[in-house]
1. Assign one of three labels to the stretch A:1-105, namely rounded, prolate or oblate, based on the Cα gyration tensor with a ≥ b ≥ c the square roots of its eigenvalues; rounded applies when a/c is under 1.5, prolate when it is not and a/b is larger than b/c, and oblate otherwise.
2. Can you work out the Karplus-derived ³J(HN,Hα) for every residue in the stretch B:49-56? Use 6.51 cos²θ - 1.76 cosθ + 1.60 with θ = phi - 60°, whole Hz, and x for glycine or proline.
3. Out of A:P75, A:A127, A:G155, whose Cα points farthest toward the positive end of the dipole of the stretch A:38-161 (charges: +1 Lys, Arg; -1 Asp, Glu; placed on Cβ)?
4. Return the distance in nm (one decimal) between the two label points of a simple spin-label model at B:R66 and A:W7, each offset 7 Å from Cα along Cα→Cβ.
5. So, with +1 on the Cβ of K and R and -1 on the Cβ of D and E, and no other charges, what is the size of the charge dipole of the stretch A:23-91 about its Cα centre, to the nearest 20 debye?
6. Which whole number gives the average, over all residues in A:25-33, of C-beta atoms from other chains lying within 10 Å of the residue C-beta?
7. What nm distance separates the two modelled labels at B:V297 and A:V74, each placed 7 Å from Cα along Cα→Cβ?
8. In the stretch B:212-233, whose amide N lies under 14 Å from the spot 7 Å out along Cα-to-Cβ of B:S181? List them in ranges.
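The values are calculated or read from the model by the stated rules, or taken from the named source; none is laboratory data. These numbers come from a predicted model, not from an experiment. Cβ coordinates were reconstructed from backbone atoms using ideal geometry, including for glycine residues, and neighbour counts include every protein chain displayed. Side chains included, ligands, DNA and RNA excluded: accessible areas come from the protein's heavy atoms. Shrake-Rupley method; radii C 1.70, N 1.55, O 1.52, S 1.80 Å.
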2 protein chains.
Amino acid sequence: AGPREVWKKGGRLLSVLLAVNVLLLACTLISGGAFNKVAVYDTDVFALLTAMMLLATLWILFYLLRTLRCPDAVPYRDAHAGPIWLRGGLVLFGICTLVMDVFKTGYYSSFFECQSAIKILHPLIQAMFVVVQTYFLWISAKDCIHVHLDLTRCGLMFTLTTNLAIWMAAVVDESVHQAHSYTSAHSNTSHTRLASDLERVGSPVGGDPCPCNTAVCQIFQQGYFYLYPFNIEYSLFASTMLYVMWKNVGRLLASTHDGHGHTPTQVSLFRETFFAGPVLGLMLFLVGLAVFITYEVQVSGEEGHTEQALVIYYSFNIVCLGLMTLVSLSGSVIYRFDRRAMDQHKNPTRTLDVALLMGAALGQYAISYYSIVAVVVGTPRNLLGGLNLAHALLMIAQHTFQNVFIIESLHRGPPGPEPPDNPPKEPCQSLTFANHDALHTLPTCPPTPSLASPSPSPADSQEAAAIILAPRSHWRRRCLKDISLFLLLCNVILWIMPAFGARPHFSNMVEVNFYGYSLWAAIVNICLPFGIFYRMHAVSSLLEVYVLS
Amino acid sequence: AGPREVWKKGGRLLSVLLAVNVLLLACTLISGGAFNKVAVYDTDVFALLTAMMLLATLWILFYLLRTLRCPDAVPYRDAHAGPIWLRGGLVLFGICTLVMDVFKTGYYSSFFECQSAIKILHPLIQAMFVVVQTYFLWISAKDCIHVHLDLTRCGLMFTLTTNLAIWMAAVVDESVHQAHSYTSAHSNTSHTRLASDLERVGSPVGGDPCPCNTAVCQIFQQGYFYLYPFNIEYSLFASTMLYVMWKNVGRLLASTHDGHGHTPTQVSLFRETFFAGPVLGLMLFLVGLAVFITYEVQVSGEEGHTEQALVIYYSFNIVCLGLMTLVSLSGSVIYRFDRRAMDQHKNPTRTLDVALLMGAALGQYAISYYSIVAVVVGTPRNLLGGLNLAHALLMIAQHTFQNVFIIESLHRGPPGPEPPDNPPKEPCQSLTFANHDALHTLPTCPPTPSLASPSPSPADSQEAAAIILAPRSHWRRRCLKDISLFLLLCNVILWIMPAFGARPHFSNMVEVNFYGYSLWAAIVNICLPFGIFYRMHAVSSLLEVYVLS
């Protein structure tokens, strides 16, 4: 079926148009449902999401049946797609989502009589969808399918859209919850622009909210809000894997074994480090956990302790971000002495990884720039303002240097001396080729002598280089593994803090006073989900860097 | 300098990071300056923009000097980049921007004593920047530069960022102006979240606003607001050309003449149509202009005429959009019978065009979906609601089908039978190659007999095909030229209406009542600039389709 695809972009166009339209419709309903004034109810949103999940499940079952019955449908498998840590993370987050669905069902069942049936149906359908989709992605993430191209593209895009809609709904629901707890804590009713669904004016039973008084119901409610971050990450993980599958539809690969898959030896997984990185990272992780718990306890307590909690929180973050910046920088410096070739092969998974890292960092960048302007332009200059400014500046630096480090790491070829099928001749060779190219087309350019000279006797000099490079590259590899593990652990703790509800953006009143509550809440609620996703995605990328280096 | 570029993405990373950071800083200040409550003044924004324009001008002068002194710096020129209609449009909009700068200088000079100097300096610096940049883009848009790669990338990205910042500032300024005229028309002070700079509380002279009483000052003020759309388009045109230049930095092309440049013969430029398209398009254009003027007069008059004006406005739009949808669809149908090969070559200009068409359409899509939800969920069902719903649905259909038509047109190769260096063998050949490829790698796939058979005697069958195809393709070409001219004229009138201030979104009270003024204003003010840019960009793409088909 391959040769029928005359124009790949045309085939993709249809599915992108479908996805854009469905996503915008979902976006409209979800954002409309978040606002109290707007007459869109959360039951409308639940109904839409349930219908989308049912359709996506049907398509997935159809896909699984078809590929089972017709083994020729998947002639190639992309070795880069769906690595084991991504699929493992998907299963982990999927299990947490299932627990969340149990809690949600329990919560809504507690006042069954005054809720519409869709609110109980929704988590049940979601549980089914999660099970089916996780199984589908586990076995099919690497597929390059070659039958029913257009239908498969549309199906994949629709499933992707469903995941993004679930993500949006979860993010909005969490923001509403945060805003509700903020306003109830500050008891300032003029700021109530977003309100929780329990307070909704137009609820089916009129003005009387359903009570959630029983202890079980309270536990269910608390529990499902703490499990939201996992549901959010599950949707995003599934989306990235579906996107790579969509890019791989109809793709022709040179051969099944293309030599760049580089499956790591399982034995060496937790050796080959100096132990400095993991130990330091683990220490920061534990300290961070303690700081986070202290912060949460002190902020939710009486007013007097808030400033103290903020000082501790910001101090820890500044130390952590500073160390991460320095470590990322030293990693980039190590790469300056690395002679491995850059991997120039086409790789949809990596391109997506890089785009997501750069794109998701924009969220935290934006928050930081708004903080900087508020502190610099705003008049009150105190300790908290200074800490906030340092925190925002370091946040920008850390994101920048970490992205540079990760992106450079992902583009390095597999380690030079070890695999016999990939000798370290690549750097010289590719440079010599480039030189020849340039000599053909650009006669004025003199050839670089130091790089062009090894080409007459490539075999000898390469072996010599391999012998010389072997011990050194081993030292570098250890360093890089230490660096990636340290950054990984730091990113985990910096993920936990915002994902489980730390919002210094609102406790520290600098920006709230400068921008006004509603504007600042809009900025934070739109940008922070991307910042949280960035941490999660950086963790998975750093795991890849750790394994590859 | 070519061979030194081992890893192109790494070179791009630095400039993208620079651009992202500068853009976010500008975005923060500009959005902060738009809100009355926030203590960021428009003088801060003007100062930032002036500094950016000065820096960008210096870099452009440095670039021009360097390429003048060293002719080897630009070994290749991209034939697709900077086509004549894009550069012509740039000069046209640049001249309008210069006129706007004159008006702005005149306006701010009218009350020189109570304004800070930066407000007069800003339009003067902008005029200089526009002149230098237009000259730079006119002569350098096709360059593939090969010296100082990193510096050039950073310079181009910084200039691009400057243009985007100017665009953002202009859009925000226009939205503030619109909101101000809306609130002063409805005299409902509770909605005044955005306010014009004259009403700003913290202005340098305290509570006393500078009067703009003289007739000259009034003319200047009115004039410069009507010239904003041209400034906005200028910035976006310059941005797209700079982006293509940035993509072309360090690019190696096969040869200077790559045969796909397809410069059209100037003689045939306004012939070869059935005249139906241009005539019908011109009629719609004139009717639309009359409807627009009627609408503006009636809406700005007393209340009673608003509904009548809206009915006329929506009726015209529905007819226009319906015709455009049908015509785009018939264009796509014609392509189903077209045997020209799809052009699969790498072409940054076209990739950007497609991305911009798809991305900019999102703005109008979003507005339409919000309208649909408001009309469908909202209770009052009257004539205006029905018209609004039909308008929103047709808007989505028209954007979708027009995008499909344009994107397919841009990917068609140059017309088959005429140019002797490009015989119509391409479709068969590329398919046969694909078949061979597939036969190598995919032994289970049977070759398509109808396509594989002409390969033994290619010369004979191709000549026969050329003879058979010649008259037919000529008939199709005429049709396609008609279609593109008709769509072009319709897009121009649909650009004029919103660009020069028609806002049925606010006059028709359906959405304002459903979402509340502030939410709906935020949606429209963020999305409409993209919708307006879409029209402009569609016009330039349709001109390209007209010339190429």
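1. oblate
2. 4, 4, 4, 4, 5, 4, 4, 5
3. Checking the options against the dipole of the stretch A:38-161, the answer is A:P75.
4. Result: 4.0 nm between the two label points.
5. Values: 5 positive and 4 negative charges, 33 e Å.
My answer is approximately 160 debye.
6. Details: counts 4, 1, 4, 11, 4, 0, 6, 8, 0.
Across the residues of A:25-33, the mean count of other-chain Cβ atoms within 10 Å is 4.
7. Output for this residue pair reads 6.8 nm.
8. Residues B:219-230 qualify, since their backbone N sits under 14 Å from the label point.
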